[in-house]
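Worksheet: one structure, shown below.
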Amino acid sequence: MGALFLALMMLANHDAQAKSPDDESAGKLAKVRRIYVDILTGGDTALQIRDLLMTSLQRSKQFLITEDEEKADATLKGTGSDQIFTDSFQSSEGLNAHSQVGGGANGSARTNGAARYAGMTIGENESRHTLERKHEAIATVRLVSKDGDVIWSATAESLGGKFVGASADVADKIAKRLVTDYAAAKKNVKP
């Protein structure tokens with residue numbers, strides 16, 4: 001009986017110490033101090049988003065951004081895209097009405113018959129063609145620990161703003177979300 005009790009106590013202690021994947025990820029995120037931002041896939045615009053991400057994360061004053069991947073606690077990887085395109089809108093409206101009445105000649109060659117004709121036409125057509133220039137950026141990133149585990153991920157998209165471009169807005173959104181999640185992880189992680 002004593003052996004069974006001891007085994008149950010050990011099992012209960014083991015279950016209490018087991019962490020959920022979220023707890024384990026939060027624990028690893030809370031320990032990140034130095035981040036390497038890897039080259040994002042997606043072409044030249046992704047390189048610009050990478051630079052903007054590095055700037056936004058550095059400005060947050062929560063992390064050290066390093067150019068040396070070996071020194072980093074975690075690596076930010078992912079993809080980014082920044083596109084400028086033109087949307088074309090075309091619409092057409094119209095209203096038309098036609099009516100005609102006829103007549104003819106009546107009688108012989110010596111008498112002249114009366115001819116009657118009437119007509120009515122109403123019409124209105126309106127056509128619009130609008131071109132709208134749009135700027136759209138999107139980035140999907142993940143923070144990967146040294147042991148290869150994804151400990152945080154995010155996606156952000158933007159159509160740009162009045163004072164900030166779409167790529168800069170995406171980088172700021174990702175940096176703010178990482179800082180918020182990092183602060184929550186540090187607060188909730190038990191020593």
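Sorting Y182, Y36, Y117 by accessible area (1.4 Å probe), largest first, what list results?
Largest to smallest exposure gives the sequence Y117, Y36, Y182.
Using a cut-off of 22 Å between alpha-carbon atoms, which lysines can reach K134, once sequence neighbours fewer than 8 places away in the same chain are excluded?
Output for K134: K162, K173.
At 1.4 Å probe size, with every protein chain present, just tell me what the per residue accessible area of region 20-64 comes to in Å².
56 Å²
Rank R133, R142 by accessible area, highest first, at a 1.4 Å probe radius?
R133, R142
Please list T79, T180 from largest to smallest accessible area, probe radius 1.4 Å, with all protein chains kept in place.
T180, T79
Keeping the other protein chains in place, figure out the carbon and sulfur percent of the accessible area of region 29-81, with a 1.4 Å probe.
Carbon-and-sulfur percentage of accessible area, whole number: 46.
Could you give the length gained on full extension between S99 and I84, defined as 0.36 nm per residue of separation minus the Cα-Cα distance, in nm?
Contour length minus Cα-Cα distance gives 0.4 nm.
The values are calculated or read from the model by the stated rules, or taken from the named source; none is laboratory data. Keep in mind that this is a model prediction, so the values were computed, not measured. Areas reflect the complete protein model, heavy atoms only, side chains present, ligands, DNA and RNA absent. Shrake-Rupley method; radii C 1.70, N 1.55, O 1.52, S 1.80 Å.
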